Each structure stands twice: as structure tokens, then as C-alpha cells.
1. List the pairs from K156/K201; K118/K200; K30/K290; K200/K228; K227/K290; K204/K280 whose alpha-carbon separation is above 20 Å, in the order I gave them.
2. How much accessible surface does E324 have with a 1.4 Å probe, in Å² rounded to 10?
3. Cβ under 11 Å from I322's Cβ, I322 left aside: what net charge do those residues give with Lys, Arg +1 and Asp, Glu -1?
4. Pick from A51, A272, A316: which is most flexible by mean-square fluctuation in a GNM of the chain where alpha carbon atoms under 10 Å apart are linked?
5. FRET efficiency for V175 and T113, Cβ-Cβ distance as r, R0 = 35 Å, nearest 0.05?
6. Which angle from 0 to 90°, rounded to the nearest 10, does the C-alpha axis of helix 156-172 make with the longest principal axis of the chain?
7. DSSP loop trypsin sites (Lys or Arg not before Pro) in region 175-254 with at most 15 other Cβ atoms within 10 Å of their Cβ, which ones?
8. Keeping all protein chains in the complex and leaving out DNA, RNA and ligands, what accessible area do you get for H148 with a 1.4 Å probe, in Å² to the nearest 10?
Amino acid sequence: MSQTAFTPRVFSGIKPSGGLTLGNYLGAIKRWVAMQDEGMETVYCVVDMHAITVWQDPAALTRATREVAAAFIASGIDPAKSILFNQSQVSGHAELAWIFNCVARVGWMNRMTQFKDKAGSNTEKVSLGLYAYPSLMAADILLYHATHVPVGEDQKQHVELTRDIANKFNHDFKVDFFPETIPVIEGPAMRVMNLRDGTKKMSKSGESDMERINMTDDADAIAKKFKKARTDPEPLPSDLEGLKDRPEARNLVDIYAGLSDQTPQQVIAEYAGAGWGRFKPALAELAVEKLAPISGEMARLMDQPGEIDAVLRRGAEQARNIAEPVLKKTYDIVGFVR
Ligand code: AMP
Ligand code: TRP
């Protein structure tokens, strides 16, 4: 299965399930903006069908879908450069996912660590959709023959499964139809950690709001959360080696690096020997400088939901233009009469 035979195309998505965090921004959105100008076609999706794998209040889902779209636009995703839409408007995602449900093996799904984490000991009671979710994610990507998928570290296993599904489909039907997708996991902040526990990922759904920075937090909240962020008593070291076994300290350095477009080494070089009393306020100031213009623009866009919906509708139309021929060809390969 060659990768090079396919036109380079980027696809990625975020679930509209609650507010967006600094993890979403640094691990995904900020890099998506950069990829718009790297000469590849870029397709970015608000994956509402993924969100409902756990219960979503309908009105809250509508609002969250618009808010994620607003965050994309406010962060610099330009609907004139990228295709920007919500998943449920392009029915091909669900249709291709069904075919992939019949290609993927139950044993593959059983290995997905995110499912195990989310379901916990409750595997009998979660939705069937949550279990099958990686197959829908493979459909999202392969419906566009996407070759590059920029995601945070936590999604690596799902992109690898996408390759397995593509390979098995190609092998079973003796075709070279779906590309081998590359996960693009680059930069210092591919795994932004919880501010109160540096061994856990920062997530939308963590219990306490103090664990995360939300993209819509105001300057006071950001300052307070960084001030109260857990650290250790040691000052910052002069090299990265000195951050080994200091997960909370490492996380704050990585966040600073991600926000300021520097490497963690550069940050350490600037702050070697500094105590938290100096570093934390500098970090808070930097975060406010980067996030405040985005949250301001998000609020402005959210006052004009009709405009957001129009962008999503146009994006969905463009998305369908790519997806429809791929789906038709897939149906032909499978042997469906149409
Ligand atoms: P989700 O919020 O689960 O829909 O995630 C959307 C995107 O944000 C995916 O590419 C994730 O890998 C990324 N992401 C979410 N949380 C983090 C985090 N704490 N650090 C880095 N990337 C993250
Ligand atoms: N599963 C991803 C997450 O939870 C979101 C997602 C759905 C996605 N479909 C995708 C990411 C396709 C990249 C490509 O973060």
C-alpha cells in the first residue's frame, strides 16, 4: 500500500462535548492553523457524531458544535483556505463507518486504551457507539483519502487502527484504494497534562475546573489556575535532564514552549534557576496574551450563530464533493448495486 500515490490531504476533528481546553488548542488547533499554509489541502471537522457516543443534551450539543467551529475560526482556520464543517452534515461518514465495522475485528477494538479508560469497569453499560467509535474515526479520515492527521498523543492508537483498517480493506478486496495515513504528532505540547496532577491528561471532562485552562477563561481565571497549579519546591533547572521525574514542572515548561513557539530547551535556558514565583506569572501572562484575542473573537462569533452555520453548511458542501466519489467507488468495490 503506497502512501505516495495519494494527493497529500490533511484531516482532523474535535468533539463538541463541553468546552475546549488548552490541550485542544496546543495539541490540535494551533497546529492545524499552521498546516493550512504547507501546501496541502486541509479538512477540519467538528465531529458531532463522535460526541454522542456519550450522552449529550441536544441544546448543549448544538451550542458546543458552534463553539468549536467558532474556536477554529477565531484561532485562524480560514474557511477560504480550509474545508470546515460538522460531521453529521456529510452522511458518507456514517455510511463508510458501517463498511469499516464489517472490516475491523472485535479484537482490534478490545485493544483500544481510550475505550478501556472511558468505560472503566462499566463496559456493559456504555453505548455500542463508544466501542465502535474508532471505526467511525477511520471513516472520517479515509472518506477523504487523507494522508496526514494532526492529533495529540492520545489519538495515536486510533490513527494506527485507521491504517490497519485501510490495509485490511485493500487486502480483502485486492485493491490499492485507501491510503496509509500518517499521524502527525509534533511539537512540545502533544500531551498537555492536568494542572493538579502531572501524570493525567488535561481534559474537558476532568472533575475540577482548576485542573484545566479553558479556551474561554478570562485573565483572572488563567492567572489563578497557574498560580495554584501543583509544582514541586525546586527552582527550574538549567537543562531538560533536570525535569526528569518532575511531571508538573515539565508540563508547565512544555506549555510555555507551545504557546511561545520555542523548544522546551529554549524556555529552560531563559528561566534556568528561576523559582515558581517568577515563572508562573510569566506563563500566565503569555497564556492571556495568546488566548484573550481568541476568546474575544469566539464570543463575537457566538453572537452570530447564523454566520457560523453558514460557514459549516458551505464547508459540508465542499466536503461532500470530495467524499461522494470515494464512497461510490467503495460501494462498487464492495459489490453493492446502485
Ligand atoms: P477531543 O477533545 O478528545 O475531541 O480531542 C481533540 C484533539 O485535541 C485531539 O487531536 C486530541 O489529541 C487533542 N487533545 C485533547 N486533549 C489534549 C491534551 N491534553 N494534550 C494534547 N492534545 C490534546
Ligand atoms: N477521536 C478524536 C478525539 O477524541 C476526534 C476525532 C474524530 C478525530 N475523528 C477524527 C481526530 C479524525 C482526527 C481524525 O480526539
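1. K204/K280
2. 100
3. Counting the neighbours of I322, the net charge comes to -1.
4. Among A51, A272, A316, the largest mean-square fluctuation in the Gaussian network model of the chain belongs to A272.
5. Between V175 and T113 the formula returns 0.70.
6. With rounding to tens, the tilt is 20 degrees.
7. Answer by residue number: K200, K244.
8. Estimated to the nearest 10 Å², H148 gives 40 Å².
The values are calculated or read from the model by the stated rules, or taken from the named source; none is laboratory data. Computed from a predicted structure; not experimentally measured. A quick note on method: Cβ atoms are made from the backbone with ideal geometry, for glycine too, and the neighbour counts reach across all protein chains shown. Keep in mind that these areas ignore ligands, DNA and RNA; they rest on the heavy atoms of the full protein, side chains included. Shrake-Rupley method; radii C 1.70, N 1.55, O 1.52, S 1.80 Å.
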